[in-house]
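Since the structure comes first, as C-alpha cells, the remarks are kept for the end.
The values are calculated or read from the model by the stated rules, or taken from the named source; none is laboratory data. Quick caveat: nothing in here was measured; it's all calculated off a predicted structure. Cβ: placed from backbone, ideal geometry, glycine included. Neighbour counts: every protein chain shown. Heavy atoms of the whole protein, side chains included, go into the accessibility calculation; ligands, DNA and RNA do not. Shrake-Rupley method; radii C 1.70, N 1.55, O 1.52, S 1.80 Å.
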Amino acid sequence: MFYEPLKQSHGLDHDPFKSCVVPRPIGWISTISGNGIHNLAPYSQFQNLTFDPPYVMFSANQNTKGKRKDTVINIETTGEFVHNMATYDLREAVNKSAQELSPEEDEFEIAGVTKAPSNLVKPARVAESPVHFECRYYQTLRLPGDGPMGSVDIIIGRVVGIHINEDFITPDGKLDIPRIKPLARMGYYDYTAVESVFEMEIPGMNKDLIDGLEGRTGSK
Ligand SMILES: Cc1cc2nc3c(=O)[nH]c(=O)nc-3n(C[C@H](O)[C@H](O)[C@H](O)COP(=O)(O)O)c2cc1C
C-alpha cells in the first residue's frame, strides 16, 4: 500500500504512522515549575542527538486544549530538565505520569515514585529509575501542525550529568540492558521492553569510526 498523509486515507482502522517508527525509547522527563511544583511526563518522540558533548531531544505536541505542555513551559522557564530511563518495572508509574493534570499537581506523587535530588540542576530524579540525565535547555524548535494538538515544541537539551545505578553495570563495564529492560513505545497502546541483545561490527572499522560508534567523548 501507499498513501500521502493529509491527502489520502490509509484505509486502515488505526493510523499506522506511529507504529512505523518503533521501538521508540521513552524520555521520562522531570521538571520543576516557576512556582517550585515537580512535574513528570513520558515522551516517546525522544532521542539522543549526539555524544560529544551529549545532547537529547524530545517532541511535545500541544495538549488537548491547544496549549503548550507543562514540561515545555517549565523547561523554558527554568532552563533545566532531567531524563529518567523508563523501564518495564516502572511501566505503571510511567503511564500514570502521562495524565493531563493541572500544573499545580506534583506528578511524582501521582505516579507514586520517589524524588532523588539532582547534582547540577533543580528538577528531581526518579529514584527508582536506573539511569538519569541531568540536562540544560539549549533550544526549542517549533513545528506548526493541524488541530489543537498538531503543533509541536521540539526541546533540545545538553546532557551535563549522567547517573547510572551500578547494580546494572556488568563485570565488563557495560550497561546490563536485558536486566534493566528499557521500556519502548510501539504505536497504538502497544509497548515492548528490550530483553535480548546481539552484536555486529561494521566490516573494516578504523579507530576514528570505532570512537564514533562507541560514542567516546573528549572527557574519556
Ligand atoms: C508512553 C507515552 C509516551 C508519550 N509520548 C509523548 C510524546 O512523545 N509527545 C507528547 O506530546 N506526548 C506524549 N505523551 C503524552 C504526554 O505524556 C502527556 O500529554 C502528559 O500529560 C504531558 O504532561 P505535561 O503537560 O506535564 O508535560 C506520551 C504518553 C505516554 C504514555
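Screening the range 126-164 for residues that are assigned to a loop (DSSP other than H, G, I, E, B) and open to solvent by less than 40 Å² (accessible area, probe 1.4 Å) and picking the one that is farthest from Pro42 (Cα to Cα) gives Gly145. Just one residue in the set Glu92, Glu105 is more than 10 Å from the ligand (Cβ to nearest atom) and acidic (Asp, Glu); that residue is Glu92.
Strands (runs of 3 or more DSSP E) wholly in the range 24-75 with at least 3 residues that are aliphatic (A, V, I, L, M) and either modelled with pLDDT of 95 or more or near the ligand (Cβ under 7 Å from one of its atoms) (or both) - which ones?
Values: elements: 27-32, 38-43, 46-51, 54-61.
Where strands (runs of 3 or more DSSP E) fall fully within the range 24-75 and carry at least 3 residues being aliphatic (A, V, I, L, M) and either modelled with pLDDT of 95 or more or near the ligand (Cβ under 7 Å from one of its atoms) (or both), they are 54-61.
For first residues located in the range 91-104 and in a helix (DSSP H, G or I), partners that are acidic (Asp, Glu) and more than 9 Å from the ligand (Cβ to nearest atom) and lie 6+ apart or on another chain with Cβ distances below 8 Å form the pairs Ala93/Glu128. Would you call Asp176 away from the ligand (no atom under 16 Å from the Cβ), open to solvent by less than 80 Å² (accessible area, probe 1.4 Å) and either over 29 Å from Gln45 (Cβ atoms) or touching a Ser or Thr at 6+ places or on another chain (Cβ under 9 Å) (or both)? Yes; evaluated as a whole, the condition is true for this residue.
From the list Ser118, Ser151, pick out the single residue that is within 13 Å of the ligand (Cβ to nearest atom) and in contact with a strand residue (DSSP E or B) (Cβ under 7 Å, 6 or more places away or on another chain).
Numbers: Ser118 fails: within 13 Å of the ligand (Cβ to nearest atom).
Every option except Ser151 fails the conditions.
Based on what the data block shows, is Leu143 within 15 Å of the ligand (Cβ to nearest atom), of a type outside the set (Phe, Trp, Tyr) and touching a helix residue (DSSP H, G or I) at 6+ places or on another chain (Cβ under 6 Å)? The answer is no for Leu143. Taken together, Ala86, Ala41, Ala60, Ala93 contain a single residue that is touching a Pro at 6+ places or on another chain (Cβ under 8 Å) and open to solvent by less than 80 Å² (accessible area, probe 1.4 Å), which is Ala86.
Residues in the range 188-214 that are farther than 30 Å from Asn95 by Cβ and open to solvent by less than 90 Å² (accessible area, probe 1.4 Å): how many?
Filtering the range 188-214 for residues farther than 30 Å from Asn95 by Cβ gives 199-214.
In the following step, the residues that additionally are open to solvent by less than 90 Å² (accessible area, probe 1.4 Å) were identified as 202, 204-206, 209-212.
Of the residues in that region, 8 qualify.
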